[in-house]
Every structure is written in structure tokens, then in C-alpha cells.
Amino acid sequence: MCYIIDMDNWEEIKKNILSDPEVKRMYDDLEVEYQIISDLIRLRNKKKITQKELASKMGTTQSALSRFEMGNVNPSLEFLKKMAKALETKLIVRLE
């Protein structure tokens, strides 16, 4: 199933979806993963690098990078380090 979301209304849609306690719990459980994915997509787009170009710099495949960006895999720390290096940025991991 595929949904087209009007990004102008995303915050309102998100608010409605998250009003369901079970959905909110699942969303909160995935917060870290979504934040990492969002940050790395934002950086890739800011640097105007395609998935294929970034994958080549990382020594991986475009399909592996696509699976990561779609949230279909949990990346290893090594994968994140390679991505940060290829994007010429710093990876910071901490527990609070």
C-alpha cells in the first residue's frame, strides 16, 4: 500500500496518527532510527550526492543504501562510520 502525503499538512497528519497510544508507542520506539535516517538523508541531499555516488564512496551498493534510507535495515556502527566519512562529517554516538 502506498500513501501520498501532502507535506504542508504533515504535522497535522502526524498529530492525528500519534493520537493512537499503540501507534505512539511504536513511533517512540523507532525515534532513534528515524532520526539517524533523517539526518543522513538531509546531509546527503545538502551535499547533492546521489545514493549511487554515496554508496560508491562507502564501498557498498546503492540498494544497500536505499534499504537503509527506507528504514528496512538496522545499520551496523561500521556502516554509519563509513557513511559519516563519505559525507565528510562526524558521527557522534552517546547515551544520556
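Here, each number is a calculation from the coordinates, and none is a lab measurement. Remember, predicted model here, so these are calculated numbers, not experimental data. Virtual Cβ from ideal backbone geometry, glycine too; neighbours counted across all protein chains shown.
For region 45-64, does any single residue satisfy the condition of being within 13 Å of the chain's Cα centre (by Cα) and within 17 Å of Lys90 (Cα to Cα)? Checked against the condition, which is being within 13 Å of the chain's Cα centre (by Cα) and within 17 Å of Lys90 (Cα to Cα), region 45-64 yields at least one hit.
Of the residues in region 38-63, how many are surrounded by 16 or more Cβ atoms within 10 Å (Cβ to Cβ) and either free of Cβ contacts under 8 Å to residues at least 40 places away in the same chain or not basic (Lys, Arg) (or both)? Give the derivation first.
Going through region 38-63, the residues surrounded by 16 or more Cβ atoms within 10 Å (Cβ to Cβ) turn out to be 40, 43-44, 49, 51, 54-55, 58, 60.
Narrowing further to those that are either free of Cβ contacts under 8 Å to residues at least 40 places away in the same chain or not basic (Lys, Arg) (or both): 40, 43, 49, 51, 54-55, 58, 60.
Total satisfying the criteria: 8.
If the condition is being under 18 Å from Lys82 (Cβ atoms) and either in a loop (DSSP other than H, G, I, E, B) or touching a Cys at 6+ places or on another chain (Cβ under 8 Å) (or both), then region 33-64 contributes Lys47, Ile49, Thr50, Gly59, Thr60, Thr61. Being in contact with a helix residue (DSSP H, G or I) (Cβ under 7 Å, 6 or more places away or on another chain) and assigned to a loop (DSSP other than H, G, I, E, B) is the filter here; which residues of region 75-92 pass it? Correct list: Pro75, Leu87, Thr89, Lys90, Leu91. Out of region 8-32, which residues are part of a loop (DSSP other than H, G, I, E, B) and surrounded by 10 or more Cβ atoms within 10 Å (Cβ to Cβ)? Leu18, Asp20, Leu30, listed by residue number.
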